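Engineer: Sharing a structure, written as structure tokens. Questions coming.
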Amino acid sequence: MIDSLLQILSSTLRVSTPLLFAALGGLMSERSGVINIALEGLMLVGAFTGAIVAYSFHSPWLGWGAAAISGVLLAAIYAASVINWKADQIVAGTAINMLALGMVPFISKILYGVTGTSPTIPADERFIFAPIILVWVFLLIIHFWLGRTPSGLWVRFAGEHPKALDAAGIGVKKVRWGAVLMGGALAALGGATLSTMLSSAYARNMTAGRGFMALAALIFGKWRPIPTAMACLLFGFTEALQIRLQGVVLWGTEPVPVQFIQILPYLVTVLVLAGLVGHSRPPKALGLFFEKD
Amino acid sequence: MKFTKFFAFSIAFALSSTNARGADEFKVGLVLDRGGRDDKSFNAAAFRGANQAQMQLHLNLKTVEAADDNAYETLLRSMAQKDFDLIIGVGVAQQEAIKKVSAQFPKKHFVIVDAEVKAPNVKSLMFKEHEGSYLVGAIAAMSSKSGKIGFVGGMSIPLIKRFELGYEAGAKSVNPNIAVLKNYVGMTSEAWNNPPKAKEIAMQQYQGGADVIFAAAGASSSGVFDAAEDKKKYAIGVDSNQNWIKPGLILTSMMKRLDVAIFQACQSALTGSFKGGTENFGLSNNGIDYALDEFNEKLISPDMKKKIESIKEAIIAGKIKVPDYYKQKG
């Protein structure tokens with residue numbers, strides 16, 4: 001009993017790590033007032049870059065660094081279009097997701113002649129558990145930074161009351177740029193965790209909707225770091241439980257059909273978003289373009 | 001000089017003679033499913049066969065990969081509208097699309113793998129996965145020391161159920177008390193491309209006591225192999241020979257010789273002997289087999305090999321009746 005509890009616990013921590021990275025990335029961006037539905041694309045690019053750099057240079061840390069840079073670059077395209085060029089944030093975010101979906105196989109084709117997977121990273125050149133610890137360190141840093149430092153306050157004001165921030169003489173666009181770029185790096189690290197720790201290579205579309213799960217966790221967590229992390233843990237836990245419950249006989253003699261068990265994480269998502277969270281208020285200026293008067 | 005002339009002439013003749021047969025004008029379109037040609041498994045086997053046909057029969061091959069399940073019909077139709085002579089749809093997900101498009105283009109030849117479409121211009125290539133799964137199930141049970149083995153399928157669909165049922169029956173034939181842990185990766189076609197999740201599932205099965213896991217999950221299978229590497233336990237590959245992926249840890253692979261079947265289909269279409277209908281591939285005609293090579297020879301003892309071969313012969317001879325999920329459900 002204790003054994004299986006420990007196993008589910010460790011499984012939960014593993015599964016929720018990429019989600020939490022991406023959710024923190026989303027949090028950075030959205031607290032500054034920029035909607036980020038591009039998390040999925042950012043993760044995918046991070047997963048790919050992390051895998052190929054870790055493979056080529058025999059170091060998961062280098063892979064991680066490169067993934068963060070790739071996330072910053074992709075986020076820069078997004079930031080420029082929504083912060084400077086007035087693009088609609090939902091449309092531009094979708095475009096970034098599609099760009100990632102198409103660009104990754106294209107680059108992979110040029111590098112390796114195949115579109116679906118990258119070469120396998122040997123076991124001793126992969127992460128064992130470092131990202132799991134780091135993500136919680138990042139969480140605490142972001143929690144304190146947002147709440148206790150002047151620059152954290154700027155980010156919050158950019159999302160709640162950009163005019164006040166502007167009146168205080170701080171450039172709203174600069175703050176948003178910084179937040180979106182950092183968010184891109186974090187989301188990409190989540191993707192790289194998938195390819196350099198939770199598996200051993202990049203596989204086509206391996207993010208499999210995790211970027212959107214992270215977004216749901218962010219809303220569930222009311223855009224606050226600690227509750228968002230709890231939401232990620234909950235999603236990770238239902239996922240781990242789902243695996244554990246498959247094929248288990250709960251009543252009668254026949255196991256519950258696997259499809260019913262598999263909808264568990266989605267069911268939980270819908271339930272918590274629909275009822276249990278209560279009112280979740282987004283940052284006031286979320287999604288609004290800011291122009292100096 | 002004379003020699004060069006003769007040489008040039010013979011080359012020209014050779015070229016013109018292939019032209020006469022129309023080989024390099026013969027266009028084959030291969031539509032792979034979402035795993036893509038480098039899934040090291042199912043699609044990889046299909047691509048190998050088509051590529052071999054291109055090299056040896058000098059036909060003109062075009063390979064496309066569907067980005068999502070809705071793309072099949074469009075891809076197939078656009079090939080049929082162009083001058084493709086033979087169009088091959090790989091995977092059970094293309095069944096409906098092939099049915100529709102083949103009816104609209106009765107003069108074109110189609111091939112579908114893993115599903116049956118009854119039309120005079122469609123050849124259906126069916127594999128007896130249950131036979132091969134039975135065999136690797138027996139191998140798993142022979143190697144298992146814990147009395148527990150695992151099965152990780154992609155999606156819970158009839159095709160994969162067929163693997164599962166055969167595998168379990170094969171394992172129980174060796175050890176009636178063996179426990180089989182069964183898990184599925186997902187419910188949408190993302191299930192075939194989600195190695196992190198497959199790894200998580202395999203970790204839970206290994207932690208739950210399984211010491212051999214059969215992975216039938218397309219590109220997700222690599223996650224199972226990663227877990228095998230982490231836990232230093234065994235895994236069994238599927239569709240292609242996957243023994244090389246983690247040498248010494250992949251006990252064997254249940255091979256579906258799509259490569260052979262597709263090569264033969266190309267050949268028959270090229271020579272004009274293409275016929276619609278269903279072709280079955282099983283242990284008896286080597287369309288299904290288990291893999292034995294330098295990567296796993298140390299894992300399969302001569303004694304085991306003898307037993308495996310005798311089971312194989314008994315299945316071919318019909319002495320062992322392998323349960324077939326397709327027939328169970330009518």
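Engineer: Scan region B:232-241 for residues that are more than 18 Å from the chain's Cα centre (by Cα) and either more than 11 Å from every other protein chain (Cβ to nearest Cβ) or in a strand (DSSP E or B) (or both) and jot them down.
Structural biologist: Answer for region B:232-241, where residues must be more than 18 Å from the chain's Cα centre (by Cα) and either more than 11 Å from every other protein chain (Cβ to nearest Cβ) or in a strand (DSSP E or B) (or both): B:Lys233, B:Tyr234.
Engineer: Another question, if that's okay. How many residues are assigned to a helix (DSSP H, G or I), at the interface with another protein chain (Cβ under 8 Å from one of its Cβ atoms) and either of a type in the set (D, E, K, R) or open to solvent by 10 Å² or more (accessible area, probe 1.4 Å) (or both) when one looks only at region A:186-205?
Structural biologist: Selection size over region A:186-205: 1.
Engineer: Turning to a different aspect of this structure: May I ask you to say which residue of B:Val64, B:Val113 is among the β-branched types (Val, Ile, Thr), in contact with a Leu (Cβ under 8 Å, 6 or more places away or on another chain) and within 14 Å of chain A (Cβ to nearest Cβ)?
Structural biologist: B:Val64
Engineer: Got a number for residues in region B:164-223 being among the hydroxyl-bearing types (Ser, Thr, Tyr), at the interface with another protein chain (Cβ under 10 Å from one of its Cβ atoms), touching a strand residue (DSSP E or B) at 6+ places or on another chain (Cβ under 6 Å) and without any contact (Cβ under 8 Å) to a residue 60 or more places away in the chain?
Structural biologist: Of the residues in that region, 1 qualify.
Engineer: In the set B:Ala119, B:Ala141, B:Ala93, which member is within 23 Å of B:Ala219 (Cβ to Cβ) and surrounded by fewer than 24 Cβ atoms within 10 Å (Cβ to Cβ)?
Structural biologist: Just a single option satisfies the conditions, and that option is B:Ala93.
Engineer: Another question about this same structure. Could you tell me whether B:Lys107 is over 14 Å from the mean Cα position of the chain (by Cα), assigned by TED's automatic domain parsing to the domain that holds B:Gly186, assigned to a loop (DSSP other than H, G, I, E, B) and over 23 Å from B:Pro323 (Cβ atoms)?
Structural biologist: no
Yes/no per residue for (1) in contact (Cβ under 8 Å) with a residue 40 or more places away in the chain; (2) farther than 30 Å from B:Leu57 by Cα:
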{"residue": "B:Gly277", "(1), (2)": "yes, no"}
{"residue": "B:Lys307", "(1), (2)": "yes, yes"}
{"residue": "B:Lys312", "(1), (2)": "yes, yes"}
{"residue": "B:Lys319", "(1), (2)": "no, yes"}
{"residue": "B:Val322", "(1), (2)": "yes, yes"}
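Engineer: May I ask you to list the residues in region A:16-32 that are under 11 Å from A:Gly190 (Cα atoms) and of a type in the set (A, V, I, L, M)? Spell out the reasoning first.
Structural biologist: Step one: of region A:16-32, the residues under 11 Å from A:Gly190 (Cα atoms) are A:16-25.
Within region A:16-32, A:Leu19, A:Leu20, A:Ala22, A:Ala23, A:Leu24 qualify.
Engineer: Does region A:113-128 hold any residues that are under 20 Å from B:Asn43 (Cα atoms) and either touching a residue at least 60 places away in the same chain (Cβ under 8 Å) or among the aliphatic types (A, V, I, L, M) (or both), and which are they?
Structural biologist: Of everything in region A:113-128, those that are under 20 Å from B:Asn43 (Cα atoms) and either touching a residue at least 60 places away in the same chain (Cβ under 8 Å) or among the aliphatic types (A, V, I, L, M) (or both) turn out to be A:Val114, A:Thr115, A:Gly116, A:Thr117, A:Ser118, A:Pro119, A:Thr120.
Engineer: In the list B:Ile88, B:Ile112, B:Ile98, which residue meets the criterion of being under 20 Å from the mean Cα position of the chain (by Cα) and in a helix (DSSP H, G or I)? Steps first, answer last, please.
Structural biologist: On the way: B:Ile88 fails: in a helix (DSSP H, G or I); B:Ile112 fails: in a helix (DSSP H, G or I).
Within the list B:Ile88, B:Ile112, B:Ile98, the selection yields B:Ile98.
The values are calculated or read from the model by the stated rules, or taken from the named source; none is laboratory data. Here the structure is a predicted model, which is why all the values come from computation and not from measurement. Glycine gets a Cβ as well: all are built from the backbone with ideal geometry, and neighbour counts include every protein chain shown. What goes into the accessible areas is simple: the full protein's heavy atoms, side chains included, and nothing from ligands, DNA or RNA. Shrake-Rupley method; radii C 1.70, N 1.55, O 1.52, S 1.80 Å.
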